[in-house]
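To keep things clear, I will list the structure first and then write my remarks on it.
The values are calculated or read from the model by the stated rules, or taken from the named source; none is laboratory data. Just so we're clear, the structure is a prediction, and the values are computed from it rather than from any experiment. Backbone-built Cβ (ideal geometry, glycine too); neighbour counts: all protein chains shown. The accessibility values were calculated without ligands, DNA or RNA, using every heavy atom of the protein model including side chains. Shrake-Rupley method; radii C 1.70, N 1.55, O 1.52, S 1.80 Å.
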Amino acid sequence: MERNKYCILILLGVILPILSFSQHKKKPDYTFLSIPGIVADGDLKEWEGQLYNAESEVWSYGLALQGNSMYAAVIIKDPVLQNEALANGIIFNLSYNDKKRDGARLFFPVADRESMRALQQEDERPVGDYRKEILNTTRGYYVIGFSKVVDGLLSFQNEYGIRAVANLDTANNLCYEAIIPLDLIVFKSDKIAVKLAVNTQFSRLQRAARNRNTSAMGPYGVYRQREPVLRNPYKESTEIWVVGSIK
């Protein structure tokens, strides 16, 4: 009898921490925010107190549905993640239904590669100044997957109402704000999934790995070498999905 009690105590000592850990790791249930009077100008005052993950040292974010437009806001605090966002852009992705897949995507900032290389070859300068220079090299937005907009580079002064702004605030955080009018996309459902992500090297390697044939068994029964395990260099995920109704 005593032995059985001892075994039960051991099992509880193993199981309870696992249950506690899984509960701690449960992903938050994000929703589309309702924030009146948003203006996509890079000044995130309208979002104050509303952004998700606000206490994070890496990044904070929010998605808001206002009228017939979807708005996004991002604050990036981690300097390395800022550099990745400046070099490769923030992805604002509206799926065509509630499946978490690629849909209409807006990439911004889109740094000019030649200008970036020229800046990197210059003498060292303060980090804030360098980041502002990188922002100044952007020539427009890169869009793909829109029903009523041609894929490719889109001018800042466009007739579609697509707009994104990025700048550095007084605390040297990278602030991003964007708007996508919903009537530019033909949706398959009133419920859609929307992604905000920093286009990091890690995320690009993840996508490349998913696109490759990851089957361990090759032709003629020969086992292929497994893909190396990719590890996120940041303390938390640098992409989020929100699923909600647009009606």
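The simple spin-label model puts a point 7 Å past each Cα toward its Cβ; for LYS99 and VAL150 those points are separated by 2.9 nm. Which net charge results for the neighbourhood of ARG163, defined as the other residues with beta-carbon distances under 9 angstrom from its beta-carbon, given Lys and Arg at +1 and Asp and Glu at -1? Around ARG163, the surrounding residues sum to -2. As a rough guide to protection, the peptides 39-50, 235-246, 73-84 ranked by mean Cβ packing within 10 Å, highest first, stand as 73-84, 235-246, 39-50. So what are the ³J(HN,Hα) numbers for the stretch 174-181, from phi and the Karplus equation (6.51, -1.76, 1.60; θ = phi - 60°), rounded to whole Hz, Gly and Pro as x? So the J values, rounded to whole Hz, are 7, 10, 10, 8, 8, 9, 10, x. Over the stretch 50-191, with every protein chain in place, what whole percent of the accessible area is carbon and sulfur at 1.4 Å, could you tell me? With neighbouring chains kept in place, the figure for the stretch 50-191 is 46 percent. Enclosing the Cα atoms of the stretch 58-116 in their convex hull gives a volume equal to 111 cubic angstrom per residue.
The equivalent ellipsoid that matches the C-alpha gyration tensor of the stretch 39-88 spans semi-axes of 21, 13, 9 angstrom, in descending order.
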